[in-house]
Amino acid sequence: MPLPLNDRQFAFWRLRRSGLPNIQIADLFSISRQAVSKALLSMDRKVEEILLEMAHASQIEAKKVNAEKGVLFGRSVPLNVDAIVFVSEKHGVQVWYEHEGDCGACPRYARCIELLWDYAGEMGIVLAKTDDPTRMAGELFAKLKEVA
């Protein structure tokens, strides 16, 4: 099931995730609070289903799912490491495995930095400046566990 990034329900979900109350979302779209609530319930089900499908496809055993925040914490069965599946407005559904690596030598270095900064911004999480994606991810996901 693809993530409906351009869908009105997804817009409501993104706004709620950023901290906007349902009543303000309703006012922005000139609809009832009940319509927003109904749309968000539907979107939460879609997000949870997408997170669980991605976890299953990636052989990640789900430990905690928070559809409102769009995040699943789990453990990779074949890799035997913690993993996180998350929804990013800019990057779609992503999987991150806890690991120690030589980030400076990795060809994905810039993409990882961008993904982590973008996702932290979407979640309203402030990160310490670093040029190491592994440390950034550790800090980001530790802070995310506190709010999810």
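Just for region 9-35: of the residues that are exposed (fewer than 13 other Cβ atoms within 10 Å of the Cβ) and of a type outside the set (A, V, I, L, M), which one is nearest to Val93 (Cα to Cα)?
Of everything passing the filter in region 9-35, Ser18 is nearest to Val93 (Cα to Cα).
Within region 52-89, restricting attention to residues that are among the β-branched types (Val, Ile, Thr) and closer than 18 Å to Ser42 by Cα, which residue is surrounded by the most Cβ atoms within 10 Å (Cβ to Cβ)? Walk me through it before giving the result.
Quick first cut of region 52-89, residues among the β-branched types (Val, Ile, Thr) only: 60, 65, 71, 77, 81, 84-85, 87.
Imposing the further condition that a residue be closer than 18 Å to Ser42 by Cα reduces the set to 65, 71, 87.
On the way: Val65: 18, Val71: 23, Val87: 25.
My answer is Val87.
Among the residues of region 51-89, count how many are over 19 Å from Ser18 (Cβ atoms) and out of contact with any Gly (no Cβ under 6 Å at 6 or more places or on another chain).
Qualifying residue count, region 51-89: 22.
Filter region 1-32 for residues that are in a helix (DSSP H, G or I), over 17 Å from the mean Cα position of the chain (by Cα) and modelled with pLDDT of 95 or more and give the result.
Asn22, Ile23, Gln24, Ile25, Ala26, Asp27, Leu28, Phe29, listed by residue number.
With the requirement that a residue be touching a residue at least 24 places away in the same chain (Cβ under 8 Å) and in a helix (DSSP H, G or I), what does region 113-135 give you?
Within region 113-135, Leu115, Leu116, Asp118, Tyr119, Glu122, Met123, Pro133, Thr134 meet the criteria.
From the set of residues in region 54-77 that are of a type in the set (D, E, K, R) and either assigned to a loop (DSSP other than H, G, I, E, B) or within 18 Å of Phe10 (Cα to Cα) (or both), which is nearest to the chain's Cα centre (by Cα)?
Lys69
Table: residues versus (1) closer than 20 Å to Leu3 by Cβ; (2) among the basic types (Lys, Arg).
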| site | (1), (2) |
| --- | --- |
| Asn66 | yes, no |
| Arg75 | no, yes |
| Phe86 | yes, no |
| Gly101 | no, no |
| Cys112 | no, no |
| Trp117 | no, no |
| Gly121 | yes, no |
| Ile125 | no, no |
| Ala128 | no, no |
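If a residue has to be farther than 23 Å from Ala67 by Cα and surrounded by fewer than 17 Cβ atoms within 10 Å (Cβ to Cβ) to count, how many in region 90-105 make the cut?
6
Of all residues in region 111-148 being farther than 20 Å from Leu15 by Cα and hydroxyl-bearing (Ser, Thr, Tyr), which is surrounded by the most Cβ atoms within 10 Å (Cβ to Cβ)?
Going through the qualifying residues, I end up with Thr134.
Based on this model, can you work out whether Arg108 counts as among the basic types (Lys, Arg), under 27 Å from Asp132 (Cα atoms) and surrounded by 14 or more Cβ atoms within 10 Å (Cβ to Cβ)?
Considered against the rule, which asks whether it is among the basic types (Lys, Arg), under 27 Å from Asp132 (Cα atoms) and surrounded by 14 or more Cβ atoms within 10 Å (Cβ to Cβ), Arg108 comes out as no.
Yes/no per residue for (1) aromatic (Phe, Trp, Tyr); (2) closer than 15 Å to Glu146 by Cα; (3) touching an Asp or Glu at 6+ places or on another chain (Cβ under 7 Å); (4) in contact (Cβ under 8 Å) with a residue 40 or more places away in the chain:
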| site | (1), (2), (3), (4) |
| --- | --- |
| Val77 | no, no, yes, no |
| Val87 | no, no, no, yes |
| Glu98 | no, no, yes, yes |
| Gly101 | no, no, no, no |
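Would you be able to say whether some residue in region 36-48 is buried (at least 17 other Cβ atoms within 10 Å of the Cβ), without any contact (Cβ under 8 Å) to a residue 24 or more places away in the chain and among the polar types (S, T, N, Q)?
no
Name every residue in region 78-113 that is among the acidic types (Asp, Glu), over 13 Å from Ala55 (Cα atoms) and over 14 Å from the mean Cα position of the chain (by Cα), in order of residue number.
The answer is Glu98, Glu100, Asp102.
The values are calculated or read from the model by the stated rules, or taken from the named source; none is laboratory data. Source: prediction; values computed, not measured. Backbone-built Cβ (ideal geometry, glycine too); neighbour counts: all protein chains shown.
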